[in-house]
Amino acid sequence: MIQKSPFNAASIPQPVIELGRDVCGDPVQSTVREWLITNGIGGYGCGTLSGMLTRCYHGLLVAALAPPLGRTLLLTKLDEAVQYLDTAYPLSCDRWAGGTTTGHGYRHLERFHLEGTIPTWTYACADALLEKRIWMQPGENTTYIQYRLRRATAPFQIKIKALVNHRNHHHVTQSQRCPQQQSNHTNQIQLPKNQLQNQSWNIFARSHPRGLKVEATGCSTPIYLLTTKGQLQPVDRWYQHYFLTQEKYRGLAHIDDHFHCATIRTTLSPGEIITVAASTEPYPALDETALAKRQQYEQTLLDQFSTFQPSDEIVHTDKATSRTSQRNRPQAASSSKVLPPALRQLLLAADQFIVKRTTTDPQTQERTEGKTIIAGYPWFGDWGRDTMIALPGLTLTTGHLEVARPILRTFSHYLSQGMLPNAFPEANSEPGYNTVDAIFWYFEAIRAYISITEDHELLEELFPALESVIDWHLRGTRYNIHLDQTDGLIYAGEKGVQLTWMDAKVDDWVVTPRIGKPVEINALWHNALLCMAEFCDRLGQPNSDYLDLAGFCANSFPKFWNASLGYCYDVIDSPEGNDSSLRPNQLFAISLNYAPPLSQQQQKSIVETCAQQLLTSYGLRSLAQSYPDYVGKYGGDRTKRDGAYHQGTTWSWLIGPFIQAHLKVYKDPELSRTFLTPLLSHLQSGCVGTLSEIFDGDPPFTPRGAYAQAWSVAEVLRAWQSIEQQLL
């Protein structure tokens, strides 16, 4: 009779993401689907369901050695093989540069599901069931891999090979090999020159009370490889020529080497567990409390949302000229009795982007622990624009107000000449400020936060800096960003610089320069001025100057309307004249809290045009298909990819402003909800449990780019909340 494990499955919530043999056993489907774990300080782990490495970013422990950046691949993978009832069951899967694949462990993969954000595999080996879970400890560069034998009728032997590295997560490794270690998977490979990290160092292991301390010569951070059970034997061997299909598709270096540092062997009985830990800490927790801590952390996230009730929100009746305000009491989206499972998964996904960032006060030089938002996994860091766009959805919609405050304070330390940084570099150098809109999104993020929290203490702290921002734009700042005194609109741009969110650039080629007066920049400027008027009201300050500037902008905004086409110009007063390209940027002239004045008919025409020509199942195209510059497929080398990025590629985050505009025009929340359905279904594909950055502009809208994107998750959550509030 088959023996069952005493493991209490009833204690685990019903999974939102659950895939069976039809996906798990298919070599293509199980390899195109990926998983993600994070630790809240910028470190992460990721891979494919099949276990095949397809990206240079794939690894069980990518540690943030200079949180939230300095991300370094330390533990690449564990290759498992099982011996049961005199039969060998390889559970790993690898593709080599010579064209061969080995392992094929997906053939034994019966089920994959997420327990919260914890990826969980169930392998069937004859009548035995083996479960594997992977998670990271919050606040530590520590990854756990746990194996539990759920059932078996005979001794179950498992062998685990640990493959490590010590390289930047953007790079690949070309090991300096000894002749006897040459791989027989392929002949000598001619590797691309970009993104190589040639390793002349040696990796060696030393004993540790619970395992091994693995070090690389010249590298200051060791990796501790620990286990709760079995024999851990050091090994000294390079595995060369892993073939990374996704990097090949992206036109980048795609042949990688990893070092086999140890093998773990043990025999399991039904119900028994072996846990392997990889950490930069010498003594991480190595018992059941580690898993319990992760589970409790995620349950706390859900509990905090369920009890969240925001305070009143200010809504100005005459946005351009009046100081009159009225209070309404929108119910929190959490007031719904039953949270849809897909939204519960998105709440957990939202937390994966929120990380710690230590900041230094420029005046006192005091270092404090702050917060920021990783723009996307696996390759993005924290970006000013992305952070401010994503902040309302990731922190306010989810009820994590205590996270929003330090993010807003953190970025205030980096204000320069009235601008927020576009991105923080990986190295300890100054951030770049080539963004015109990040600072205006900062105003909107503050407004959204204050409207819920009434945190006038923070507002008073930030207010002088916000005044300075407006002043810088009145007199002009970097990159020819200035107020045109003739019409009250913001002009931005100069040759060779990309400033708006459509910021693709290849060497000296700016794909969409948008020099002049972009439509969304001026909608954001109008919104920022009225945010300042509101802030003045709250702090008892005079606001007439800001109201006058907003009125000046509002009076000139009709210049964007293209009556012959029935929608707005994308850019006016550019060196080439007015740009009538049909792009989604005009939606912000409707969706923003303090939107500039457009007639109801104009708003309806914009929403209908964007719906008919830009909307896809997963967001909005960045350019209509009818334009000659349209590119429907995103892929190839950097030039091809960046050439398509904002020339037709679908962006999922744009579903947020589209739904906000649709709700404003049609006031039909049930209809608006239908636009979210495909994206919620996407949780089962791509990187399971989260949302992709972009999709092809042409059907079937294949997911591309970063497989987990902060503003994509944030805007779906925020749009869902807006729909729920209108339904109340």
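The values are calculated or read from the model by the stated rules, or taken from the named source; none is laboratory data. These figures come from a predicted structure and were not determined experimentally. Don't worry about glycine lacking a Cβ; one is built from the backbone with ideal geometry, like all the others, and counts go over all protein chains shown.
If a residue has to be more than 29 Å from the chain's Cα centre (by Cα) and not aromatic (Phe, Trp, Tyr) to count, how many in the range 514-561 make the cut?
The qualifying residues number 28.
Going residue by residue through the range 668-682, is there one that turns out to be assigned to a loop (DSSP other than H, G, I, E, B), at pLDDT 95 or above and buried (at least 24 other Cβ atoms within 10 Å of the Cβ)? Steps first, please.
Narrowing the range 668-682 to residues assigned to a loop (DSSP other than H, G, I, E, B): 668, 674-676.
Still in the list and also at pLDDT 95 or above: 668, 674-676.
Those left that are additionally buried (at least 24 other Cβ atoms within 10 Å of the Cβ): none.
Scanning the range 668-682, I find no residue that is assigned to a loop (DSSP other than H, G, I, E, B), at pLDDT 95 or above and buried (at least 24 other Cβ atoms within 10 Å of the Cβ), so the answer is no.
Sort through Pro628, Pro584, Pro597, Pro575 and tell me the only one that's modelled with pLDDT under 95, at negative phi and not charged (D, E, K, R). Break it down stepwise before answering.
Values: Pro628 fails: modelled with pLDDT under 95; Pro584 fails: modelled with pLDDT under 95; Pro575 fails: modelled with pLDDT under 95.
Of Pro628, Pro584, Pro597, Pro575, the one residue that is modelled with pLDDT under 95, at negative phi and not charged (D, E, K, R) is Pro597.
Taking the criterion of being touching a residue at least 24 places away in the same chain (Cβ under 8 Å), aromatic (Phe, Trp, Tyr) and under 30 Å from Thr368 (Cβ atoms), would at least one residue in the range 105-122 satisfy it?
No, there is no match, as no residue in the range 105-122 is touching a residue at least 24 places away in the same chain (Cβ under 8 Å), aromatic (Phe, Trp, Tyr) and under 30 Å from Thr368 (Cβ atoms).
Yes or no: Ser622 in the same structural domain as Asp487 (by TED's automatic domain parsing), under 24 Å from Glu715 (Cα atoms) and in contact (Cβ under 8 Å) with a residue 40 or more places away in the chain?
yes
Do we find a residue being aromatic (Phe, Trp, Tyr), assigned by TED's automatic domain parsing to the domain that holds Ser626, more than 28 Å from the chain's Cα centre (by Cα) and assigned to a loop (DSSP other than H, G, I, E, B) anywhere in the range 490-498? Lay out the reasoning, then the answer.
Let us first name the residues in the range 490-498 that are aromatic (Phe, Trp, Tyr), namely 491.
Filter again for assigned by TED's automatic domain parsing to the domain that holds Ser626, leaving 491.
With the extra rule that they be more than 28 Å from the chain's Cα centre (by Cα), the set shrinks to 491.
So of that shortlist, the ones also assigned to a loop (DSSP other than H, G, I, E, B) come out as none.
Scanning the range 490-498, I find no residue that is aromatic (Phe, Trp, Tyr), assigned by TED's automatic domain parsing to the domain that holds Ser626, more than 28 Å from the chain's Cα centre (by Cα) and assigned to a loop (DSSP other than H, G, I, E, B), so the answer is no.
Please verify whether Ala465 is closer than 21 Å to Val355 by Cα and assigned by TED's automatic domain parsing to the domain that holds Phe535, treating the condition exactly as stated. I'd like the intermediate steps shown before the answer.
Numbers: closer than 21 Å to Val355 by Cα: no; assigned by TED's automatic domain parsing to the domain that holds Phe535: yes.
Answer is no for this residue.
Please go through the range 345-377 and give me each residue that is in a loop (DSSP other than H, G, I, E, B) and over 19 Å from Ile389 (Cβ atoms), ordered by number. Talk me through it step by step, then tell me what you get.
First pass over the range 345-377, keeping only residues in a loop (DSSP other than H, G, I, E, B): 352-353, 361-366, 375.
Hits for the range 345-377 are Asp361, Pro362, Gln363, Thr364, Gln365, Glu366.
Ser468 is checked against (1) of a type in the set (Gly, Ala, Ser); (2) over 28 Å from Asn578 (Cβ atoms); (3) buried (at least 23 other Cβ atoms within 10 Å of the Cβ) and fails just one. What number does that condition carry?
Of everything listed in (1) of a type in the set (Gly, Ala, Ser); (2) over 28 Å from Asn578 (Cβ atoms); (3) buried (at least 23 other Cβ atoms within 10 Å of the Cβ), Ser468 misses just condition (3).
If you go through the range 113-121 one residue at a time, do you hit one that is in a loop (DSSP other than H, G, I, E, B) and either in contact with a strand residue (DSSP E or B) (Cβ under 8 Å, 6 or more places away or on another chain) or outside the structural domain of Glu281 (by TED's automatic domain parsing) (or both)? Lay out the reasoning, then the answer.
We begin by selecting, within the range 113-121, every residue in a loop (DSSP other than H, G, I, E, B); these are 116-117.
Those left that are additionally either in contact with a strand residue (DSSP E or B) (Cβ under 8 Å, 6 or more places away or on another chain) or outside the structural domain of Glu281 (by TED's automatic domain parsing) (or both): 117.
Checked the range 113-121: at least one residue is in a loop (DSSP other than H, G, I, E, B) and either in contact with a strand residue (DSSP E or B) (Cβ under 8 Å, 6 or more places away or on another chain) or outside the structural domain of Glu281 (by TED's automatic domain parsing) (or both).
Looking at Gln195, Gln240, which one is more than 30 Å from Leu268 (Cα to Cα) and either modelled with pLDDT under 85 or not assigned by TED's automatic domain parsing to the domain that holds Ile160 (or both)?
Gln195
Checking the conditions here, which among Leu663, Leu691 is assigned to a helix (DSSP H, G or I), in contact with a helix residue (DSSP H, G or I) (Cβ under 6 Å, 6 or more places away or on another chain) and either modelled with pLDDT of 95 or more or not aromatic (Phe, Trp, Tyr) (or both)?
Unique residue meeting the criteria: Leu663.
Name the single residue that is nearest to the chain's Cα centre (by Cα) among those in the range 596-623 being surrounded by 19 or more Cβ atoms within 10 Å (Cβ to Cβ) and assigned to a loop (DSSP other than H, G, I, E, B).
Tyr618
Going through the range 252-310 one residue at a time, which ones are over 27 Å from Arg151 (Cα atoms), part of a helix (DSSP H, G or I) and touching a strand residue (DSSP E or B) at 6+ places or on another chain (Cβ under 9 Å)?
Listed by number, the list holds a single entry, Glu298.
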